[in-house]
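Read through the structure below, which is laid out as structure tokens, and then see the notes.
The values are calculated or read from the model by the stated rules, or taken from the named source; none is laboratory data. Being a predicted model, the structure only gives us computed values, none of them experimental. Using ideal geometry, Cβ is built from the backbone for each residue, glycine included, and neighbour counts are taken over all protein chains shown. The protein model used for the area step is the full one, side chains on, heavy atoms only, and it has no ligands, DNA or RNA in it. Shrake-Rupley method; radii C 1.70, N 1.55, O 1.52, S 1.80 Å.
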Amino acid sequence: MAFADIDSAIQIQIDADLAEAAGRGINGSPADIVGSFEAELADYLALPADVRRSFPRGETARLYGTALGQALVREGFTWQLLHDAYGTDLVVVKDAGGTNEKYTAPLVVVDQRFEDEEPGKLTEFLGQFL
């Protein structure tokens, strides 16, 4: 497992996603972003199954995940790429390689919450992570 700095192309994508997220009102503290996502997830889960299939889950997870990651960056984390036996993920990390190392892949974490099929899991995750 190794962390690497992000390149300019990834930073451009992060910046574009943050601009789009801000335009949709997805910003603020980690708790604010998670609260907004939980409300959106509840709306998604209330949709009929056939309508859910056309919901832009990937885009939604990318925007909320990027906004959450950037909120964590404002709290001392940094964007990095994590290379491990499973591949490469965009993560935020604090104290990389140190004794208090802490990291998460916010886009993956947010996307996974759609699979839980109940609101509250991202709030629970954030409480445990921080």
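For the chain, the carbon plus sulfur part of the accessible surface works out to 51%, probe radius 1.4 Å. Evaluated at q = 0.09, 0.15, 0.22 Å⁻¹, the base-10 log of the normalised Debye intensity for segment 2-129, with identical point scatterers placed on the Cα atoms, takes the values -0.26, -0.70, -1.37. Along the positive direction of the dipole of segment 25-96 (beta-carbon charges: Lys, Arg +1; Asp, Glu -1; about the Cα centre), which of 31, 71, 90 reaches farthest? Toward the positive end, the furthest listed residue is 90.
When only Cα pairs under 8 Å and 6 or more residues apart are kept, what is the percent relative contact order across the chain? Relative contact order of the chain: 30 percent. Count Lys and Arg as plus one, Asp and Glu as minus one, and take only other residues whose Cβ is under 14 Å from that of residue 88; the net charge is then -4.
Helix 106-116 and the longest principal axis of the Cα set of the chain meet at an angle near 30°. Principal-axis analysis of the Cα atoms of the chain puts helix 30-46 at an angle of about 30° to the longest axis. Computed over protein heavy atoms with a 1.4 Å probe, the accessible surface of the chain works out to 53 Å² per residue.
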